[in-house]
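Report on the structure given below.
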Amino acid sequence: MITAAGMETLDILIFGAHPDDAEIGMGGTIAKHTAAGLRVGICDLTLAEMSSNGTVESRKKEAEAAAEVLKLAMRSNLEMPDRGLYLTPEHVERIVLEIRKWKPRLVFAPYWEDRHPDHIACSKLVQEAVFNAKLRRYMPEVPAHTVGESYFYFINDIVEPGVMVNVTDVYEQKTAALRAYRTQFEAVGNDAVQTPLTQGYLERVEARDKLLGQKRSLPFAEGFISKLPYLTEQF
């Protein structure tokens, strides 16, 4: 996996339950920010070992390939159990350590409503970890870190976003990053089975991003939501 030399801090740290979650929800936004020189990293909570297609080994290689496309500063995997993500102290602690390790200014997690239970669990775990990461008496052996802002990206289910990012100029990068996950989005190999992901899923993601962009007369956009009001000094 990609790691950062010298343990530099990150501008943005994105959490996903599985490799490909972050790319589905905000691959364009990642590409846009890395192109601008920001240090962006992804932390996948699981190895997606319960996936119907592909293997843990193939998924690792696909995640590395996608990371290269998006020019990530780092990508890590906490190797928590796929379909075994629960709001336990142990799981929260591991995510807190990742936040304190990289000291991001912004944290992103999946939206808290989704058809996949792991995405919901990931969202809850990250919210708890962001809060605990700033408490100096919580795991005091590791210095506390306060995340500036937390945002949530959409994977399967979507509501009206509070923030929209124009990703038109980097959309080919998002598409390339997603297509790196060939075992997930194509029924390849003799033992492959048809799943919702192999039946036009990427086309539906593209249609979603087009539909959102239409709200501001843009070819493509990605949406996000925050639990706090958007703060600005001026309009």
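A few points about this structure:
- Selection status of R83, in contact with a Pro (Cβ under 8 Å, 6 or more places away or on another chain), modelled with pLDDT of 95 or more and surrounded by fewer than 20 Cβ atoms within 10 Å (Cβ to Cβ): yes
- The combined condition, being farther than 19 Å from H119 by Cβ and not acidic (D, E), is not fulfilled by V159.
- Among the conditions (1) assigned to a strand (DSSP E or B); (2) open to solvent by 20 Å² or more (accessible area, probe 1.4 Å), E93 misses just one, which is (1).
- Taking every residue in the stretch 67-95 that is more than 16 Å from G16 (Cβ to Cβ) and pairing it with any residue that is open to solvent by 100 Å² or more (accessible area, probe 1.4 Å), at least 6 positions away or on another chain, the pairs with Cβ-Cβ distances below 8 Å are L87/K124.
- Of all the residues in the stretch 212-235, those that are over 21 Å from the mean Cα position of the chain (by Cα) and either surrounded by 11 or more Cβ atoms within 10 Å (Cβ to Cβ) or in contact (Cβ under 8 Å) with a residue 12 or more places away in the chain (or both) number 5.
Residue by residue, here is whether (1) assigned to a helix (DSSP H, G or I); (2) without any contact (Cβ under 8 Å) to a residue 60 or more places away in the chain holds:
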| site | (1), (2) |
| --- | --- |
| V107 | no, no |
| W112 | no, yes |
| C122 | yes, no |
| H145 | no, yes |
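- Within the stretch 44-65, tally of residues that are of a type in the set (A, V, I, L, M, F, W, C), touching a residue at least 40 places away in the same chain (Cβ under 8 Å) and either surrounded by fewer than 24 Cβ atoms within 10 Å (Cβ to Cβ) or in a helix (DSSP H, G or I) (or both): 2
- For the stretch 148-166, a tally of residues being over 16 Å from the mean Cα position of the chain (by Cα) and either surrounded by 17 or more Cβ atoms within 10 Å (Cβ to Cβ) or polar (S, T, N, Q) (or both) returns 2.
- Complete set of residues in the stretch 192-201 that are open to solvent by 30 Å² or more (accessible area, probe 1.4 Å), in a loop (DSSP other than H, G, I, E, B) and without any contact (Cβ under 8 Å) to a residue 60 or more places away in the chain: Q194, Q199
The values are calculated or read from the model by the stated rules, or taken from the named source; none is laboratory data. Predicted, not measured: the structure shown is a model, and the values here were computed from it. Quick reminder, even Gly has a Cβ in these numbers, built from the backbone with ideal geometry, and neighbours come from all protein chains shown. Side chains are part of the model used for accessible areas, which takes the heavy atoms of the whole protein and leaves out ligands, DNA and RNA. Shrake-Rupley method; radii C 1.70, N 1.55, O 1.52, S 1.80 Å.
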